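See below for the structure under consideration.
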Amino acid sequence: MPTTPAPPLFRRISPGAWTACLWCAYTLVSVRAFLGIPLMPHSPERTPAPYDWALLAVATAVAVVAATRLLRRMPLLAFALLLTATFAATIAVDEAEIAVPHVLAVMVAFGAIVADCRRAVWGAASVLALGLVPAYALTRIALGLPLEYSGTLGSSWSSWGFYATVAAAAWLVGNSVRQSRDHAEKVRAEAAERAVAEERLRIARELHDMVAHSIGVIALQAGAARRVIDSRPGDAREALCSIETTGRETLSGLRRMLGALRTAEHRPREPDGDGGGGLPPEAPAADGVGLADLARLAETTTACGVRVDIRQYGTERPLPPEVDRAAYRIVQEAVTNVVRHADCASCRVTVEYGAGSLAVEVVDAGRGLGSGPAHRVAVHGYGIVGMRERVALLDGEFSAGRRAGGGFRVSAVLPLPPGADGPPAHEGGALAGPEGRRRPEGVR
């Protein structure tokens, strides 16, 4: 059973937790001089009063709650509370200037707001972030506290430019995260839509190949039965039996396809690499047709009045299911077009098991593509398009067109994976037919 790998530690801890940890860590560092800890610096001149300790404790509690509980649900309120707690903690330890670590902790929360929230929310948070230093200076003025102390290098205003730069960097990081997340979501959505479209196209090809051939056979047999039902009842009975057999086989194939689709629809979706819902799994093949069914196809087509001559060259061997099915469907569609449009008595199907490839060819001596209804059906229908798509999905070569001496030719060469390679075809013309060639003619 596939398992989703755990994300890195940096992603497993939420931005609110990082903010709370950084904020509390520096708060402890800022009061270390007043705790009498051995080997730590001491500050005998300035000792916080009891109300300063109470203010510091309340500020710490507010900062932790705002970062861990409110940042995702009410980001603006959480950010305002973080700023307020930072002001209170700085005043409690009697510092004229907000310390850099405290500001960095606040900017982690600001970057998370930019990454996760809509424009109006992170816009208001940006105003609060840029106004951090002026707001603190005005707070000290309102409380009657000095903006700087003698013997110190900085004042409440001295680091405004630096803190504004830090805020801009936090905005850039948050905006980059948001854009990357939106892009990844868009890519996933497009991939899902593409998978659905490809699956619909695959089903359409299967339905076309399955139904078009069967309906063509049924129509020809029904026409033959209608013409001889009075003069030759026995022949008409055989035609009706063929219609019944073809109809039952087609209905069985459609039921298998619908069953496969229902199975795929109710199958659990596999998760993707980042833990989200993955793409829907590919539905299983609707049936197990392959080149082994060519004899039955030839028998059915011959019963319709078009004799099918099957020629096989090379060493027959097991093929990958997708190649086997595609080769059969190509031959089936080409033979169906011969029956419906070629107006000839026979066609030739050639199969070559080559070294690293499988070649199939269907050739007839009929009228080919002209200017009549057959031309319009062949050009504007889906048969040749479907064959070309099947070959393209397997990175093969396909050709369909009129022959120089008359008739029509459909050729396809399907590459085989290395594991399916077999011995090369027999020398001296593996496809040595009337034209004396090795590969199907007309392949470009």
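For the reader, a short list of remarks on this structure follows.
- Matching entry among ILE113, ILE98 (being in a loop (DSSP other than H, G, I, E, B) and crowded, with 19+ Cβ neighbours inside 10 Å): ILE98
- Output for region 291-306, where each listed residue is modelled with pLDDT of 85 or more and surrounded by fewer than 18 Cβ atoms within 10 Å (Cβ to Cβ): ALA292, ASP293, ALA295, ARG296, GLU299
- Evaluation of PHE79 against (1) more than 47 Å from the chain's Cα centre (by Cα); (2) closer than 19 Å to THR19 by Cα (one fails), failing number: (1)
- Test: residue in region 8-16 that is touching a Leu at 6+ places or on another chain (Cβ under 9 Å), modelled with pLDDT of 80 or more and surrounded by fewer than 17 Cβ atoms within 10 Å (Cβ to Cβ): yes
- Test result for ASP343, closer than 17 Å to ARG403 by Cβ, surrounded by fewer than 24 Cβ atoms within 10 Å (Cβ to Cβ) and modelled with pLDDT of 90 or more: no
The values are calculated or read from the model by the stated rules, or taken from the named source; none is laboratory data. Small disclaimer: the values here were computed from a predicted structure and weren't measured. Please note: Cβ atoms are built from the backbone with ideal geometry, for glycine as well, and neighbour counts cover all protein chains shown.
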